[in-house]
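The values are calculated or read from the model by the stated rules, or taken from the named source; none is laboratory data. No experiment lies behind these values; they were computed from the predicted model shown. When we count neighbours, we look across all protein chains shown, and the Cβ atoms used for this are built from the backbone with ideal geometry, even at glycine. We work out accessible area using only protein heavy atoms, side chains counted, and drop any ligands, DNA or RNA first. Shrake-Rupley method; radii C 1.70, N 1.55, O 1.52, S 1.80 Å.
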Amino acid sequence: MAKKQYAVIGMGRFGTSVASELTEMGFEVLAIDEDEDRIQDVVARVTHAVTADSTDEEALRSLGIRNFDVVVVAIGQDIQASILTTLILKDLGVPTIIVKAQNELHGKVLEKTGADKVVYPERDMGLRVAHNLVSPNILDFIELSDDYSIAEIKAPSAMIGLNLLQLNIRAKYRCNVMAIKTNNKMNISPYAEDVIKEGDILIVVGKNTDLTGLELAYSEE
Ligand code: ATP
């Protein structure tokens, strides 16, 4: 299967990070920005880099943007440009469009405009930092909906040596341990008898309020 081709529009901090990481991972990446200086800054870190205004349909068309599998729109401040770009990409038939939103309202408009996925990097990172502050064992926190999330929790010492039955997380905190990661090996749908070892990482799903309860219960580390 041919490797996916990516284009990233907007070389701010977020766009640059997405574009250079995809390149590092071995994908072909086209970086686009209307600012020549930004393009100069990233030219060595991506496969191709061009100066273009993404609100100019002809410019995007001549770059062959519809041949890219995924286009990431990483324009933050200029909400109008981000929406217009998304609309043009949709019209041109780009298969998958991912757009960074500034706020919820911007996100809603993007969804209606044709974005396949809207991301909120600042909000998500804020969420992670807050959870990590409350409980340093929380490595990651992914919102599934307004009410439910998945938390990646480094096994606190109070859990080590106990099995899932003894920990009784489902009954005590109404959260489900979906997987246990040991030395990068995933144990999906673990058994009640599976014992938590030092260094294990628990992948737990639950209501936000219940996950917070679990975090707080094990935060005295
Ligand atoms: P970050 O927080 O990721 O650094 P940001 O959310 O502040 O970025 P901006 O700096 O507003 O986002 O925009 C990111 C980049 O998008 C800028 O380099 C800007 O030049 C570029 N950009 C803005 N509008 C367009 C456009 N119409 N066409 C191409 N690039 C654009």
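Give segment 1-16 a look and list any residue that's open to solvent by 20 Å² or more (accessible area, probe 1.4 Å) and more than 10 Å from the ligand (Cβ to nearest atom), or say none.
M1, A2, K3, K4, Q5, Y6
Would you confirm, using the coordinates I've provided, whether D116 is surrounded by 13 or more Cβ atoms within 10 Å (Cβ to Cβ), more than 27 Å from I79 (Cα to Cα) and without any contact (Cβ under 8 Å) to a residue 60 or more places away in the chain?
no
Go over the candidates Q40, Q80, Q5 one by one and state the one that is polar (S, T, N, Q) and under 23 Å from R123 (Cβ atoms).
Answer to the check: Q80.
(1) in contact (Cβ under 8 Å) with a residue 60 or more places away in the chain; (2) away from the ligand (no atom under 15 Å from the Cβ); (3) under 30 Å from T209 (Cβ atoms): which one isn't true of P121, the others all being true?
Result: P121 passes all but (2).
Among (1) touching a residue at least 40 places away in the same chain (Cβ under 8 Å); (2) within 12 Å of the ligand (Cβ to nearest atom), where does D69 come up short?
(2)
Of all residues in segment 94-112, count the ones that are in a strand (DSSP E or B) and buried (at least 18 other Cβ atoms within 10 Å of the Cβ).
Of the residues in segment 94-112, 4 are in a strand (DSSP E or B) and buried (at least 18 other Cβ atoms within 10 Å of the Cβ).
I need a count of the residues in segment 19-38 that are in contact with a strand residue (DSSP E or B) (Cβ under 6 Å, 6 or more places away or on another chain) and near the ligand (Cβ under 9 Å from one of its atoms).
So the count comes out to 1.
List pairs: first residue in segment 189-218 and free of Cβ contacts under 8 Å to residues at least 40 places away in the same chain and surrounded by fewer than 18 Cβ atoms within 10 Å (Cβ to Cβ), second residue polar (S, T, N, Q) and assigned to a strand (DSSP E or B) anywhere in the structure, Cβ distance under 7 angstrom, at least six positions apart or on different chains.
That search, which allows pairs on different chains as well, returns A192/N163; E193/N163; D194/N163; D194/N187; V195/N163.
Among the strands (runs of 3 or more DSSP E) contained in segment 17-93, which hold 3 or more residues that are open to solvent by less than 60 Å² (accessible area, probe 1.4 Å)?
In segment 17-93, 28-33, 70-73 are the strands (runs of 3 or more DSSP E) which contain 3 or more residues that are open to solvent by less than 60 Å² (accessible area, probe 1.4 Å).
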